[in-house]
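Have a look at the structure below, then the notes.
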Amino acid sequence: MKYIGHIVPLIALAGCASSPTPSHTAPAEEYYYDCDTPGGHFSEWNRTVAQSAIDIHGFVQVIEPRQDAHWVPAANIVLYAADKTKSVALSFIMPRFDAEQIQPTLKNYINSSTDDTIPSLAWKSGPIPFDVTLSKEGVFTITTDSESRSQSIGNFRPATFALSCSTGQFKFTKVSAVSGKP
């Protein structure tokens, strides 16, 4: 019995000695973008990302929609290929027939011509939370409030992510992008 009493403390000490040191990962950088364009114009802000899985989340707020004969007010969170020939996006589009609502839509310019929409949201109630995820398996998912839509986009790996708008003023707040996580 005395011999076991000496082994137990040694095993406990060995377990403490082999415990990994806690890592302190720096929090993801937050981005703010006040996108303000006249009717019929477009503006974009972008950042390079690691070509891997990615999660982008934050808030978008409609400040002022504007009029144009050809363009509707829209705000976008876009993932682009290096040459920008392929992309996927979460687009918040304001329909011409309903100035009180905004339509979140999954846009797939890689392997689909079908847009996938989320039920319209009332934009005057304040910032709208969003989450855009590209998984390691190639599934692109958009989420706003409690609604999500997903599409498989294969082995697409983004080179940049962009925040953009047209025909209005939109504020993107507390936006962060984390590569390699999802």
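Some points to look at:
- Selected residue (only one of Ser125, Ser120, Ser113 is over 27 Å from Pro38 (Cβ atoms), surrounded by fewer than 18 Cβ atoms within 10 Å (Cβ to Cβ) and among the small types (Gly, Ala, Ser)): Ser113
- From Ser164, Ser179, residue being within 18 Å of Thr48 (Cβ to Cβ), at pLDDT below 90 and surrounded by 15 or more Cβ atoms within 10 Å (Cβ to Cβ): Ser179
- Yes/no for Ala82 being in contact with a Ser or Thr (Cβ under 9 Å, 6 or more places away or on another chain), in a loop (DSSP other than H, G, I, E, B) and of a type in the set (A, V, I, L, M): yes
Per-residue answers, yes or no, for (1) more than 21 Å from Phe140 (Cα to Cα); (2) surrounded by 19 or more Cβ atoms within 10 Å (Cβ to Cβ):
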{"site": "Ser43", "(1), (2)": "yes, no"}
{"site": "Ser52", "(1), (2)": "no, no"}
{"site": "Phe59", "(1), (2)": "no, no"}
{"site": "Asn76", "(1), (2)": "no, yes"}
{"site": "Ala81", "(1), (2)": "no, no"}
{"site": "Met94", "(1), (2)": "yes, yes"}
{"site": "Tyr109", "(1), (2)": "no, no"}
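The values are calculated or read from the model by the stated rules, or taken from the named source; none is laboratory data. What you are looking at is a predicted structure, and each value in this text was computed from that prediction instead of being measured. Quick reminder, even Gly has a Cβ in these numbers, built from the backbone with ideal geometry, and neighbours come from all protein chains shown.
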